[in-house]
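One structure below.
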Amino acid sequence: MQKIQMLNLERQYASLREEIDRAIENVLEKQHFILGPEVAALESEVANYCQVGHAVGVASGTDALLLAMKAAGVGPGDEVIVPAFTFVATADTVSLLGATPVFADIDPVTYTMDVKGLEALVGPATKAIIAVHLYGQAADIFAIAKFARAHNLAFIGDTAQALGAKYAGDAVCSFGDFGCLSFFPSKNLGAYGDGGMIVTKSAEQAAYLRMARAHGSAKKYKSEFLGWNSRLDEIQAAILRVKLPHLNRWNEQRRERAALYHQVLRDIDEVILPETVEGRTHVFHQYTIRVPNRDAVQNELRQLGVETAVHYPIPLHLQPMYEHLGYKKGRLPEAERAAGEVLSLPIYPHLLPEEIHYVGEALKQVMAKPEMRTKVILAQVS
Ligand SMILES: *Cc1c(COP(=O)(O)O)cnc(C)c1O
């Protein structure tokens, strides 16, 4: 029996080993580890890649969100609109600043924020909105930007899963007041540890963020405001500089693999495949399908040697840590339904076509069992 891993990063490393080893050695020889030439160079390369003027390296995607919101003035008593279906960092950073996340439901096709419900969520305390470009496809950016402008809200893009994705021809990370990137190892552009970056068109905000990541200081040992210690380090930056020139090709390879999945899976009844909306370029950070009896399907696939993942099993408004906010089951039905049905299949640039065929055959075999097909998927209706 074959074993198909959800992600295999050894293959990518093998393809770039010499360059990456040399880049790391170069930093070791210089012994400059924090805020040196590699970070500065990567910041300018990423700013360029994102079609914005400025980029500020920080310790993680989570810190990118936290500091971007801080720069936008989010603080105690404020509210920030976030989708209910995303990685927890999109919301816990709001809470860490003393503000309250207000959860929006999602569009069942793109799994991103449903703009139809936004007006009902805005109130006098609303300060910002975070659009998450989930799985590698842009949210409905123009509509969200228009809503943000109309209500004078900061617009923050959580681009952790969508670096390289496009919307109406422009880089997804270029939209909004801030774009927040993550270099977590499994992301489309992954470091060998934690890392993140904030991109912005505002020189003033970039200057603020450079201070915020260094205890509020521009000058050593003089703190102008309450900041934090959140830096991308030189070794990670050096690794990312080797990888960045390959990102567009890797994203293209992800799209090719998604297209092959589509071809292999499209005839399986009761499996809903991911859709790319016209005008958006998907970078397939995840290839996420919907299936009835998801947990059983995942288990059966595991028996056949196929690893899968669930992104994400609990919508944020129903997380135990947000019980005090008083959301009840049924309040955000599309987020809840997605949490029960989504299943991410292995996808990465070095995944082999025969491995995709193997996954397809395994899924066919599993879905052919009558007990796997009994539950109707309601999302199909809407
Ligand atoms: C990965 C991720 C983050 C957090 O990034 P880290 O670098 O892991 O802190 C935030 N939002 C989304 C949607 C993510 O996928």
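Anything in segment 51-71 that is surrounded by fewer than 24 Cβ atoms within 10 Å (Cβ to Cβ) and either near the ligand (Cβ under 9 Å from one of its atoms) or in a strand (DSSP E or B) (or both)? List them, or say none.
The answer is 54, 59, 60, 62.
Just give me the residues in segment 270-308 being assigned to a helix (DSSP H, G or I) and closer than 16 Å to residue 107 by Cα, in sequence order. Spell out the reasoning first.
To start, the set of residues in segment 270-308 that are assigned to a helix (DSSP H, G or I) comprises 294-303.
Of everything in segment 270-308, nothing turns out to be assigned to a helix (DSSP H, G or I) and closer than 16 Å to residue 107 by Cα.
Need a quick list: strands (runs of 3 or more DSSP E) entirely within segment 104-218 having at least 1 residues that are away from the ligand (no atom under 11 Å from the Cβ) and open to solvent by 10 Å² or more (accessible area, probe 1.4 Å).
Numbers: elements: 126-132, 154-158, 178-182, 196-200.
Result: 126-132, 154-158.
Does residue 295 satisfy the criteria of being away from the ligand (no atom under 16 Å from the Cβ), open to solvent by 10 Å² or more (accessible area, probe 1.4 Å) and modelled with pLDDT under 95? Spell out the reasoning first.
On the way: away from the ligand (no atom under 16 Å from the Cβ): yes; open to solvent by 10 Å² or more (accessible area, probe 1.4 Å): yes; modelled with pLDDT under 95: no.
No: the conditions fail for residue 295.
Exactly one of (1) in a helix (DSSP H, G or I); (2) closer than 29 Å to residue 309 by Cα; (3) open to solvent by less than 10 Å² (accessible area, probe 1.4 Å) is unmet by residue 39. Its number?
Tallying (1) in a helix (DSSP H, G or I); (2) closer than 29 Å to residue 309 by Cα; (3) open to solvent by less than 10 Å² (accessible area, probe 1.4 Å), residue 39 fails exactly one: (2).
Cβ-Cβ distance below 6 Å, separation of 6 or more or different chains: which pairs start in segment 189-214 with a residue that is under 14 Å from residue 65 (Cβ atoms) and end on one that is among the acidic types (Asp, Glu) and within 12 Å of the ligand (Cβ to nearest atom)?
Qualifying pairs under 6 Å: 196/63.
The values are calculated or read from the model by the stated rules, or taken from the named source; none is laboratory data. Quantities reported herein were computed from a predicted structural model and do not represent experimental measurements. In this analysis, Cβ positions are derived from the backbone assuming ideal geometry, glycine residues included, and neighbour counts consider all displayed protein chains. When the accessible area is computed, the model is the full protein with side chains, heavy atoms only, and any ligands, DNA or RNA have been set aside. Shrake-Rupley method; radii C 1.70, N 1.55, O 1.52, S 1.80 Å.
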